[in-house]
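Please treat every number below as a calculation from the coordinates, not as lab data. Predicted model only: the values in this text are computed from it and were never measured. So basically every Cβ, Gly included, is an ideal-geometry build from the backbone, and we count neighbours across all protein chains shown.
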Amino acid sequence: MNEPLVLGIETSCDETGIGIVRGTRLLANEVASSMNEHVRFGGVIPEIAARAHVEAFTPTLRKALDTAGVELRDVDAIAVTAGPGLAGALMVGISAAKGLALAAGKPLYGVNHLVAHVAVALVEDDAAGSPLAPNTAALLVSGGHTEILRIGSLTHDVELIGSTIDDAAGEAYDKTARLLGLGYPGGPAIDAAARHGDPHAFRFPRGLTMPKFEGTAQSPGKHRHNWSFSGLKTAVARAAEQFEAQGLAVPVADLAASFQEAVVDVLTAKAVRACREHGLTSLLLGGGVAANSRLRELLAQRCADAGIELTVPPIPLCTDNGAMVAALGAQLVSAGAQASSLEIAADSSLPVEQILR
Ligand code: KG4
Ligand code: ZN
């Protein structure tokens, strides 16, 4: 089927997202967030997130249908995030999607949240988006995942090239923001604080960049294409403590800027090298950390230098949303993929290679 009209449902974490696409054209993207209810805990509380999805679901769905100017009976398929994510939160979206699919007699596609973050890069606002280029990679940077992928096809060929061995990039932002007293979520807070700081004030470690981990192109080390961010957070904490111990004000902006530079430097350097060594000439950026201003800037620069064609989604499509789920659903429908069973369950640790449940 060409240009299918697909409704996408996302409830894997704290955003209730409903999006509607026609092929690669974006028609609606409504997001309700329970973020404010988690702020005082400094992180997402799964039970609160799940209850908030129940409350937000119907009004968000109504808004999305109105914005797109369609009704449920018009859609060709319903796509929903089946994992990875918080089990209780995923279950709300999956149950709602099954109910809608059954009531309206529509096929259901239970899709992978991580691949959906990548698929959204093909979506355009006012025109049909571009098809996937041959030899494409994706850098996926979210709150729970940091991965470099080879994308042979969004519907049946995703291969993991490298990933973080400890904290995800977004997790590092959230933890570091907390220790700098910048609040939750940490990514936007550090991004903003860093604008007033010196990125070279502190030289923080770039994890897994020593020759013993990286090896060479001819003889790659075990962690050549992997990242590690847990040491970085500790280094920021030690630096802040030294100021406190001397009774001096902690230079939050400089620490934030230097932390951000370390994250973005190692993310971009390893992503570009993985592309080069795997013969990948196009790169899609996806996930919540893709909203980061410095990552967008430095990745654009390094891809241009390396002759890699970079595609970066608009900021509202980087953090969790339903349009990305609809976008992947539309790719699956177009490719003639078999719909999911109405019996599918949430899989909180769905691996990235498994695109469809
Ligand atoms: O993809 P996402 O919305 O949810 C997950 O699937 O995890 O990503 C959320 C993560 C959080 O860790 C948040 O701090 C981070 O994305 N984030 C950012 C920025 N905006 C959101 N990190 C850095 N800079 C930003 N501007
Ligand atoms: Zn996400």
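Descriptive notes on the structure:
- Dipole of the stretch 68-150 [Lys/Arg +1, Asp/Glu -1 at C-beta], most positive-end residue of A116, N135, A97: A97
- Per-residue ellipticity at 222 nm computed for the chain from its helices equals -13000 deg cm²/dmol, with DSSP H segments shorter than 4 residues left out and the rest contributing -39,500 (n - 2.57).
- Net charge contributed by nearby residues that have their C-beta within less than 11 Å of G83 (K/R +1, D/E -1): 0
- The ranking of T234, T146, T281 by Cβ neighbour count inside 10 Å, starting from the fewest, reads T234, T281, T146.
- Partners for K106 among lysines (Cα-Cα distance below 19 Å; same-chain residues under 8 apart left out): K98
- Angle between the chain longest axis and helix 252-277 axis [Cα atoms, degrees, rounded to 10]: 70
- Selection among F259, S293, T216 by position relative to the dipole of the stretch 136-312 gives T216 as farthest towards the positive end (Cβ unit charges, Cα centre).
- Partner aspartates and glutamates for K222 [C-alpha distance under 13 Å; skip if fewer than 8 residues away on the same chain]: E214
- Normalised by the number of residues in the chain, the average gap of Cα pairs under 8 Å and 6 or more apart makes the relative contact order 27 percent.
- Acute angle (nearest 10 degrees) that the helix 87-104 long axis makes with the longest principal axis of the chain, alpha-carbon atoms: 20
- About its Cα centre, the chain has a charge dipole of approximately 540 debye under the convention of +1 per Lys or Arg Cβ and -1 per Asp or Glu Cβ, with nothing else charged.
- For the stretch 295-357 versus the stretch 112-150, the spacing of their alpha-carbon centroids is 4 Å.
- For K233, the lysines whose Cα comes closer than 21 Å to its Cα, not counting residues fewer than 8 places off in the same chain, are K175, K270.
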